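S.K.: Let me begin by handing over the structure; questions about it come next.
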Amino acid sequence: MRIVVAEDLFLLRNGMVQLVEAFGHTVVAAVESGPATLEALLEHRPDVAIVDVRLPPTFSDEGLQAALAARRAVPGLPVLILSQHVEQLYARELLADGHGGIGYQLKDRVLDAEQFLDALTRVAGGGTALDPTVVSKLLARPTRADPLAALTERERSVLELMAEGLSNAAIAGRLFLSEGAISKYTTTIFAKLGVVTDDDTNRRVRAVLAYLEATGRSEQ
C-alpha cells in the first residue's frame, strides 16, 4: 500500500513509518502539520493515510479538517484517524459522506503491530475500523426515535462489532456463534435499518452510519 503519515511528534511519526515499511508498504509522504497533510493527501492520493487529529499550527483539529477536506476533493479517500481521546463528533463527521474507508483508533489502545496493520488494511479496502471505546460511546445513548431501538441486544452487539470493522467470521468468533448465524443477524440488521444497497461493504458502512446519525440526534 502507498501510505501518507501525518503526525507532529517525530518519534511517533518515524516509528509508524518504520512499522509500515517493515510490512512491505511504501510511505509516500511523512508530514507534521495540517496544511502539509492536506497537500500530501491531494498530491499523492494514497491507498490509505494515517492522520493524527491534532496537528500544528494550533493543535486543535487540523489533522481531522485536512482529512475531511481531502475526502471532499477525493470521495472515499481512505483515512485512519489517530486520537488521544474519544471525540464522537469527529467519528460521525468522517463517516457522514457514506463512502467508508474510515478508521478511528485511540493511540493508547493500539497494542500491537498486527492489530494496527489489520485496521489499516480494512480502511484501505473501503471498510471501517473504529476503536471499541468509540463504538461503545456512540451506541450508549439511544432515543425513542432511534432506529436502533428496533434492534435486539444481540443485534446491537453484532452491529457494534461490525462498526469496528470485523468480518462475519471474526464476529462469530467473538460472540461464540456460527458464521451462518451472524449472516442472518446482519441481514436482519440491514432490514431493520432500511439498508437496501446491493454491495455488502456499502451495506455495512450504511449500517454504521445509521447508528452514528441516531446517536448524533440523542446529543442534540
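The values are calculated or read from the model by the stated rules, or taken from the named source; none is laboratory data. Just so you know, these numbers come straight off a predicted model, no measurement behind them. Here the Cβ is made from the backbone with ideal geometry for all residues, glycine too, and neighbour counts use every protein chain on show. Ligands, DNA and RNA are excluded from the accessible area calculation, which covers all protein heavy atoms including side chains. Shrake-Rupley method; radii C 1.70, N 1.55, O 1.52, S 1.80 Å.
S.K.: I need the full set of residues from region 19-30 which are in contact with an Asp or Glu (Cβ under 8 Å, 6 or more places away or on another chain) and not small (Gly, Ala, Ser), in order please.
M.R.: Residue satisfying the conditions is VAL27 alone.
S.K.: Tell me which residues, restricted to region 104-161, are hydroxyl-bearing (Ser, Thr, Tyr), out of contact with any strand residue (DSSP E or B) (no Cβ under 7 Å at 6 or more places or on another chain) and modelled with pLDDT under 90.
M.R.: Across region 104-161, the qualifying residues are SER136, THR143, THR152, SER157.
S.K.: Under 7 Å between Cβ atoms, at least 6 apart or on separate chains: pull out the pairs that start in region 3-26 with a residue that is under 25 Å from LEU68 (Cβ atoms) and end on any residue that is outside any loop (DSSP other than H, G, I, E, B) and open to solvent by 70 Å² or more (accessible area, probe 1.4 Å).
M.R.: Listed by first residue and then by second, the contacts come to ILE3/THR26; THR26/ARG2.
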